[in-house]
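Quick notes on the structure that follows.
The values are calculated or read from the model by the stated rules, or taken from the named source; none is laboratory data. Since we're looking at a predicted model, the values are computed, not measured. Quick reminder, even Gly has a Cβ in these numbers, built from the backbone with ideal geometry, and neighbours come from all protein chains shown.
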Amino acid sequence: MFGHAKEKISVLYSIVLLLVFSVSVAPTAVIVNAQVPDKDCAFTPTLVKCKPDQKGKCPSGFSLNVNSECIPNKCPKGFVRHDNDETGKCFAIGKSGTATFKVKLNFIYIK
């Protein structure tokens with residue numbers, strides 16, 4: 001009469017132990033930015049690797065922009081930062097020594 005009940009209790013006890021053991025030894029995940037800022041951040045500061053470390057610090061030679069992204073302190077040769085561009089993104093220098101802009105103009109003619 002109690003034979004089946006003992007087996008069920010034994011199985012249930014084993015399941016409970018398994019659950020308790022797996023929960024108690026579950027590893028804790030710590031997310032760490034494995035990538036570090038590099039020269040790519042001069043042109044695309046929104047890349048994941050341009051994020052500061054867990055303390056909010058950038059590596060040597062980099063500074064934080066207004067979006068809390070690490071950008072190089074200087075643009076590479078042949079590139080410059082635009083005034084009033086708080087992202088710190090670098091743009092190619094034009095022949096006149098100023099930054100090159102691409103502008104698309106759309107004209108609407110009204111008769």
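Of note:
- If you go through region 12-33 and keep only what is modelled with pLDDT of 50 or more, over 17 Å from the mean Cα position of the chain (by Cα) and β-branched (Val, Ile, Thr), you end up with Ile15, Thr28.
- Exactly one residue out of Asn84, Asn65, Asn73 is free of Cβ contacts under 8 Å to residues at least 24 places away in the same chain and at positive phi: that is Asn84.
- Members of region 34-49 found to be surrounded by fewer than 18 Cβ atoms within 10 Å (Cβ to Cβ) and touching a helix residue (DSSP H, G or I) at 6+ places or on another chain (Cβ under 8 Å), listed by number: Gln35, Val36, Asp38, Asp40, Thr44, Leu47, Lys49
- Where Val36 falls short, out of the listed (1) at pLDDT 70 or above; (2) at positive phi: (2)
- Filter result for the condition that a residue is aliphatic (A, V, I, L, M) and either within 26 Å of Gly94 (Cα to Cα) or not in a loop (DSSP other than H, G, I, E, B) (or both), over Val80, Val36: Val80
- Scanning region 50-98 for residues that are touching a Leu at 6+ places or on another chain (Cβ under 9 Å), of a type outside the set (Gly, Ala, Ser) and farther than 14 Å from Asp40 by Cα, we see that the one that is surrounded by the most Cβ atoms within 10 Å (Cβ to Cβ) is Cys58.
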